[in-house]
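Remarks on the structure that follows.
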Amino acid sequence: MYAKFLEIILNIGLIAGAGKLPKYIISGVNESGYNISVIGIKNFAKKSDYPGAKFYYASELGKILKTLRNNNVTDVCFAGVIKRPDFNSFKPDLKGLKHLKGLIDAARKGDDALMRYILGMFEKEGFSIVSPQILCKDLLLPEGKLGSISMNNSHRLDADKGVSVARLMGRADIGQSVVVANGLVLAVEAQEGTDLMLDRLNELPKEIRGNTQNPRGVLVKAVKPSQDTRIDLPTIGPETIERVSKAGLAGIVAISEKTLILDRANVIKLADRLGVFIVGITSSEK
């Protein structure tokens, strides 16, 4: 399936934000022998992170579209972290001005609606959208245990509740992550993101959370029910493992084939060393 899809891709435009994911996309595309142009969003992507790549800075819609067309791009991939714009101070170019009302209306409905609107803009301009997992399928979390650490029945019960809560959050377009320990919901992710959510667990009373000597609880990450999985899949990297351990959690449960693992070898090595389990479950499991 993946090979058949890639056969029709001629020129890929990577719209890159911050973080490591865009660099994995570069590696995956280069290994496949396809052309790629990187459009780095100003203040998020760094040109120094893409040595040897065709790199262009842009943030205005008109300039992005012009750069894509000048490079004969047919398929666009979005990867990396980009914060929501402040529409009160947002200064779009003429092309962006055309979509400003639609962007604001979509943003008021939630992140998913905003992302679907953005993808739709590029599709209306004649580009196909290709997801990171198509270009780098080896990044996907497999079903089952990743690493040598297993979860016990208590962890499984926490994971079951976490999945249920994550689905409720997803339907309301709130976030993708939740933490449950001994059946108690300790934290849910909103606009702060997973890292900051994990960091604030250390501020909770010691009686309801674990610690590095006696870990308790599970971080659950799940795609939202209505989410367009071509963009913004839940992601786990070495920093996630470190924060999970520091927060006193026992492990991570995420949806297999719908979660990205960055720097897999180091993630497994670090998780095994810190005693953190990582388990991929199917979307139908509870």
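The values are calculated or read from the model by the stated rules, or taken from the named source; none is laboratory data. None of the values given here were measured: they were computed from a predicted structure. Note: areas computed on protein heavy atoms with side chains; ligands, DNA, RNA excluded. Shrake-Rupley method; radii C 1.70, N 1.55, O 1.52, S 1.80 Å.
Observations on the model:
- Rounded, prolate or oblate (a/c below 1.5 giving rounded, otherwise prolate when a/b exceeds b/c) for region 28-168 by Cα gyration tensor: oblate
- Accessible area in square angstrom per residue, region 122-218, 1.4 angstrom probe: 50
- Within the accessible area of region 231-286 (1.4 Å probe), percent carbon and sulfur: 47
- In the chain, the DSSP-assigned H stretches of four residues or longer account for a calculated mean residue ellipticity at 222 nm of -11000 deg cm²/dmol, using -39500 (n - 2.57) per stretch and the full residue count as denominator.
- Percent accessible area from carbon and sulfur atoms, region 79-230, protein chains only, probe 1.4 Å: 54
- Between region 255-280 and region 12-69, the alpha-carbon center distance in angstrom: 26
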